[in-house]
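These notes are about the structure you will find just below.
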Amino acid sequence: MVYTVRLAGIGRQGGRNGFEAQLRTWGVIQKNSRPNHPTTCGKAERFQQTMKKWLRAQPDQPATLADLQTLLERFRHQYNTTRPHRSLPHRATPAALYDTRPKALPGPSRDTDTHDRVRHDIVDKSGTVTLRVHGQLRHIGIGRTHARTHVILLIQDLQVRVINATTGEILRDLTINTNRDYQPRK
């Protein structure tokens, strides 16, 4: 959870931690590996294993951080430009493959000021769903007639749309009032 809070807690309330907020400020799109998909993490772990073996095999072991940085830069250069990779076509190097690929061009800028998320929930017996906004739980009134209904919450900053997950009916469309804990039906 150091890198994401979207999997935190019962009901997966989610939200954004400081790290995620800083990445968004910088315009970095964070991509986390999915749980129970070891191949994704395995590639990074295999790279780290290769790097550690290479570092241990060096005759002159680093005595300072500057020495270690120099060795790491040498490893990076060798790994990307001279060491053939079995996983790449014709045992190419990553640099050779990178140089032959078309490059992405700048596109329309993404609005980094919005916080978009999707939540799946069930309306409780009193007819409300809870949503964490700016670190505080807000209770959104849906109506007792929808108690135990599976819903999807589409959230963009303070704008929330509550949709019946079965029928697709919009049950509530509101802007969260941050001065109130309970968001009543109007």
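Every number in this text was worked out from the coordinates using simple rules, so none of it is lab data. These numbers were taken from a predicted model, which means no experiment stands behind them. Glycine also receives a Cβ, built like all others from the backbone with ideal geometry; neighbour counts cover every protein chain displayed.
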Exercise for review: Among the lysines, select those whose C-alpha is under 27 Å from the C-alpha of residue 53, and discard any that sit fewer than 8 residues away in the same chain.
Suggested key: 43
Practice item. Starting from the Cα-Cα distance between residue 156 and residue 45, subtract it from 0.36 nm times their residue separation and give me the gain in nm to one decimal. Key: 36.5 nm
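At 0.36 nm per residue, and after removing the present C-alpha to C-alpha distance, how many nm does the segment from residue 139 to residue 83 gain when stretched out fully?
On the way: separation 56, 0.36 × 56 = 20.16 nm, distance 5.69 nm.
Length gained between residue 139 and residue 83: 14.5 nm.
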Point to revise | Dipole-positive endmost among 39, 61, 78 within the range 30-100 (Cβ charges, Cα centre) | key: 39
